[in-house]
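Asks: My questions all concern the structure below.
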Amino acid sequence: MTPKFVGFDVLKAAVSMHQVLERYGLLDRLHRQGDNLNGPCPLHGGHNPTQFRVSLEKNCFNCFSCQIGGSIVDFVSHKERVGIRDAALLLQDWFKVQPKGSANGKLRVATPSHNANTQEANVPLTFTLRDLDWAHPYLKQRGLSAETLRTFGVGYCRNGLMAGRMVIPVHNAKGQLVAYAGRWPGEPPNPEPRYKLPKGFRKSLELFNLHRATQADARLPLVVVEGYFGCFHVWQAGHRRVVSLMGSMLSKAQEDLIVRTVGPGGKVILLFDEDEAGRKGRSEAFTRLDELLNVRVVSFAREGLQPDSVTPEQLLELIQQAGLRELATRHQEEEPCPA
Ligand SMILES: [Zn+2]
């Protein structure tokens, strides 16, 4: 059975950088200076005697050469070359940190997402829809280019379950087709839902466009949007590292997929719709992801705006500004650590 994950806050409070360095036998190489330890970097194997600094008071580290820094969890993650969740589990095991005492409601006791779900994965489809109409006026009206339609395989469906709808193929992280989302063109008549999904398909287990986003330049931040069309528009504007939640609430499985995709301290930009549901989803996603990743939020200037209601240039500018803000903030945050 998978051990219970006690949570990052509990671990960071329970284990010191000093203990971690001691366990690795690295204390001999470091020199004490006030509340800091200085020495050559044990992560990238440098020789400069001042590049690596540990703040015992703040319980964090930083290397000026390889630019890696963070908590005990980040240190073990880099040292062992594992994800932060695995690093946390290692620390938990080495230092026998128990979930006890974390039940004050404030500290989160997380469990791997598949334990919480009865269904572990969506089953890949055994068919593909044919004879889709790429030239339907609705698609043009929504501002989608021929290249976007071709890439995402979106088209109007005349027959079958999704007849009368725009179909959007949905793939899992491996790129296997797991569903078609059917969007009614325009406002649907009662009781037709705006979107139709196949029975049994759980969108909370997937991130739309993840298999393409992971092919894009990994140095770019991962942009997370709510809907399919927001995703199309960010992609079409030229930022290809983009995924959609297919809704406004980040699920546990989606959280795990994002963390796995960008890695510890990875860059994520939340670009949700500027409405009540969007702000709620964005704030909740920020709170959860910010614990593990470098998260920035884009908010639109006006109520009701969303990724497909601004020009591609404006969209790119919003993303780039969020990225720059991220660099500036990081710089400020990193300085106090080795002080
Ligand atoms: Zn280093």
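The values are calculated or read from the model by the stated rules, or taken from the named source; none is laboratory data. This is a predicted model, so every value here is computed, not measured. Virtual Cβ from ideal backbone geometry, glycine too; neighbours counted across all protein chains shown.
Asks: Return yes when residue 102 is modelled with pLDDT under 85, surrounded by 16 or more Cβ atoms within 10 Å (Cβ to Cβ) and either of a type in the set (Val, Ile, Thr) or in the same structural domain as residue 44 (by TED's automatic domain parsing) (or both) and no when it is not.
Replies: Spelling it out, residue 102 is indeed modelled with pLDDT under 85, surrounded by 16 or more Cβ atoms within 10 Å (Cβ to Cβ) and either of a type in the set (Val, Ile, Thr) or in the same structural domain as residue 44 (by TED's automatic domain parsing) (or both).
Asks: May I ask you to say which residue of 299, 283, 244, 248 is under 22 Å from residue 315 (Cβ atoms) and without any contact (Cβ under 8 Å) to a residue 24 or more places away in the chain?
Replies: Within the list 299, 283, 244, 248, the selection yields 283.
Asks: I'd like to check something: does segment 1-17 contain any residue that is surrounded by 15 or more Cβ atoms within 10 Å (Cβ to Cβ), more than 16 Å from the ligand (Cβ to nearest atom) and farther than 19 Å from residue 291 by Cβ?
Replies: yes
Asks: Here's a follow-up. Given the structure, is residue 61 modelled with pLDDT of 90 or more, closer than 25 Å to residue 96 by Cβ, assigned by TED's automatic domain parsing to the domain that holds residue 85 and within 12 Å of the ligand (Cβ to nearest atom)?
Replies: Here the answer is yes, as residue 61 does meet what is asked.
Asks: Can you tell me which of 111, 118 is β-branched (Val, Ile, Thr), at pLDDT below 50 and surrounded by 11 or more Cβ atoms within 10 Å (Cβ to Cβ)?
Replies: 111
Asks: Here's another thing I want to ask about it. Report, by residue number, each residue of segment 200-250 that is within 15 Å of residue 289 (Cβ to Cβ) and surrounded by fewer than 21 Cβ atoms within 10 Å (Cβ to Cβ).
Replies: Matches in segment 200-250: 248, 249.
Residue-wise test of (1) modelled with pLDDT of 90 or more; (2) within 16 Å of the ligand (Cβ to nearest atom); (3) touching a strand residue (DSSP E or B) at 6+ places or on another chain (Cβ under 6 Å); (4) more than 27 Å from residue 6 (Cβ to Cβ).
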| residue | (1), (2), (3), (4) |
| --- | --- |
| 36 | yes, yes, yes, yes |
| 52 | yes, yes, yes, yes |
| 65 | no, yes, no, yes |
| 85 | no, no, no, no |
| 89 | no, no, no, no |
| 94 | no, no, no, no |
| 97 | no, no, no, no |
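Asks: Now for a different question. Name the single residue, out of those in segment 24-34 being outside any strand (DSSP E or B) and without any contact (Cβ under 8 Å) to a residue 24 or more places away in the chain, that is farthest from the ligand (Cβ to nearest atom).
Replies: Applying the filter and picking the extreme gives 34.
Asks: Considering only segment 157-183, how many residues are within 29 Å of the chain's Cα centre (by Cα) and farther than 25 Å from residue 262 by Cβ?
Replies: 5
Asks: Looking at segment 39-49, is at least one residue away from the ligand (no atom under 11 Å from the Cβ) and surrounded by 17 or more Cβ atoms within 10 Å (Cβ to Cβ)?
Replies: Checked against the condition, which is being away from the ligand (no atom under 11 Å from the Cβ) and surrounded by 17 or more Cβ atoms within 10 Å (Cβ to Cβ), segment 39-49 yields no hits at all.
Asks: I'm trying to understand the selection: among the residues of segment 55-69, which are free of Cβ contacts under 8 Å to residues at least 24 places away in the same chain and either buried (at least 19 other Cβ atoms within 10 Å of the Cβ) or part of a strand (DSSP E or B) (or both)?
Replies: Listed by number, the list holds a single entry, 63.
Asks: Looking at residue 227, is it in the same structural domain as residue 318 (by TED's automatic domain parsing), at pLDDT 90 or above and under 23 Å from residue 304 (Cα atoms)?
Replies: Yes: the conditions hold for residue 227.
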